Every structure is written in structure tokens, then in C-alpha cells.
1. At 25 °C and a viscosity of 0.890 mPa s, what translational diffusion coefficient does Stokes-Einstein give for the stretch 140-193, taking Rh as the Kirkwood radius over Cα pairs? Give it in µm²/s as a whole number.
2. How would the stretch 215-255 be classified by its alpha-carbon gyration tensor: rounded, prolate or oblate, with rounded meaning a/c under 1.5 and the a/b versus b/c comparison settling the rest?
3. Say the cut-off is 20 Å between C-alpha atoms; which of Lys153/Lys192; Lys87/Lys217; Lys153/Lys238 go over it?
4. How much of the calculated P(r) for the stretch 12-211 lies past 31 Å, in percent of all Cα pairs?
5. For the stretch 1-86, evaluate the Debye formula with one uniform point scatterer on each Cα (no solvent term) and list log10 I(q)/I(0) at q = 0.14, 0.23, 0.26 Å⁻¹, rounded to two decimals.
6. P(r) for the stretch 117-220, please, calculated from all Cα pair distances in 5 Å bins and given in %.
7. Which angle between 0 and 90 degrees, to the nearest 10, do you get for helix 214-231 versus the longest principal axis of the chain when only C-alpha atoms count?
8. If Lys and Arg each add +1 and Asp and Glu each add -1, what is the summed charge of the other residues whose beta carbon sits under 11 Å from the beta carbon of Asp165?
Amino acid sequence: MNCDVNKNYPVVSIIMPAFNAAAFISLSVRAVLAQVYKSFELIIVDDCSTDNTYELAKSFADNDFRIKLFMNNENSGPAITRNHGLKYATGRYIAFCDSDDIWSPDKLSIQIAFMQKKNIALSHTSYLKMTVRGELIGSFKVRNRTVLSDILKHNCICCSTAVIDTAFTGDFRMPDIRRAEDYALWLILLQKGFVFHGLYNELIKYRVSSESESSNKIAAAYGHWTALRKTTNLNFFKLVYFFGCYFFISIRRIIFGDFNQ
């Protein structure tokens, strides 16, 4: 595996959407820049933040040629923001990193080596969970393989852990489905016969936002239903069944706390 910096042809394009992320984006960018694996570009797209997110990102971009910074013309949501970044991606591998998550320094080196050794299209990793303040509160362990039947009931793939090899998948875009744009993309890819291969290593810290408000729960459920309905060919009864499974899992989480699927 060649880890040398190539200014013209990075191996990995990292897409980082950002909206009012001033509290966290510096930590996230520094974690990307600290990667042992050096052949990457970081594409940051600001979704018309009203704080100083753009200025913070620009301070990094001005000092590192690997960072490309863009801004949406209007506030558009995470799917369109990520797709804006994907238009400028030049790497073979596409990785995602949200602007409040933290990668471990060996995240790319381990994951790219894993994908190249196994010659696979999709991978994701286990991860640690932390509060908004950065306090560790648990972890999520992934299974070795995730196929379509595994994900219809529940999205078990954290976006900031996913890496996609476009040599297999070709170009792609995220469907504009609020609260479930990444899940909708996973459904599309897995329906094409691809498999998500899991790395047991906990290679990121995922910041868990507050989900206490009932409106957030409703929005998440609506996003899940919409993703199933718009990206699969399931008949109505199967849609209801798998959404019912999602609802049951969500209720169990509320009552008993987080658990692994």
C-alpha cells in the first residue's frame, strides 16, 4: 500500500459536511490531518453556517493543500451538502467524517489496508460513543458482514466509519432524505449485491447528539420509513413489517438503553 502524499491524485477523498459546527470542527479536522495514512484530500462543505464554522475551516485550508473548502449557495441539508463535496472528489476511495466526530490516527491506514487485502467495495468499523461534551458513554461493535437483510430493520452503519471503493461501485450520490440520507445510500448499494465488511477495531469517536425531544424521534422514524419506501421495491406489507421492526428496536433502546444489532 502506498501511503505517500500525492498532491494531484489522492487515494482517499474525505467528505465533511458542516453546519454551525464551530464548537467541534477544529477537533475533527485535526484528527483527519493527524492520519498516519497521508494520501488523502479533505473536502469540507459549509452548509451556510451562521457561526464561524467557515472561518475556522478556512484557517485550516489556507495552511494545508489537502483541504478543499466550499460553501453551499443556501442551507440545503446534509445529503445535498455531501453531494456537493462528492462532485469535487478525486480519490478512488470515498470516506465520510461528520464535523463533530473524531477519527483515530490509524483509521485510514487500517481500513484501506483491510479493503485492499480483501479486495472489497464497502467497509465500516466499530466505534466509541461520546456525549456532546466528549465523555465516553459506550461503544458499538459491528458484525463481520452486513447484507441487505441485516439493514432493513435498522441502520447499523455509522456514516463516519464508512469507506466506499468507487472502483467497484462507480460514482454515487446520497438521496436527499432528511435524517436518513446515509441509510438510503447503504440500502441502494446493498441492493446491488455489495456487502459491508466490518472491522472490529473502534476507529472513531461518534458524538451522540441529544435525541430526547419527541420531534427528533418522529423525524428519525419518518426518515427511516421514507428511505425504505423510496429506495427499495418492498411491497406495502413488507414495508410495514420492517418499519415495525425498526419501531420495536427504537422502543427497546428507549426502555433498556443502547444495544448492538
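1. In µm²/s, the coefficient is 205.
2. It is oblate, given that a/c is not under 1.5 and a/b is not larger than b/c.
3. Lys87/Lys217
4. When every Cα pair of the stretch 12-211 is considered, 11 percent fall beyond 31 Å.
5. Rounded to two decimals, the profile gives -0.45, -1.11, -1.32.
6. Going out from 0 Å in 5 Å bins, the stretch 117-220 shows 2, 12, 20, 22, 21, 14, 7, 2, 0 percent.
7. It is inclined by approximately 90 degrees.
8. Neighbourhood net charge equals +2.
Coordinate-derived values only; no laboratory data. Bear in mind the structure is a predicted one, so any value in this text is a computation, not a measurement. In this analysis, Cβ positions are derived from the backbone assuming ideal geometry, glycine residues included, and neighbour counts consider all displayed protein chains.
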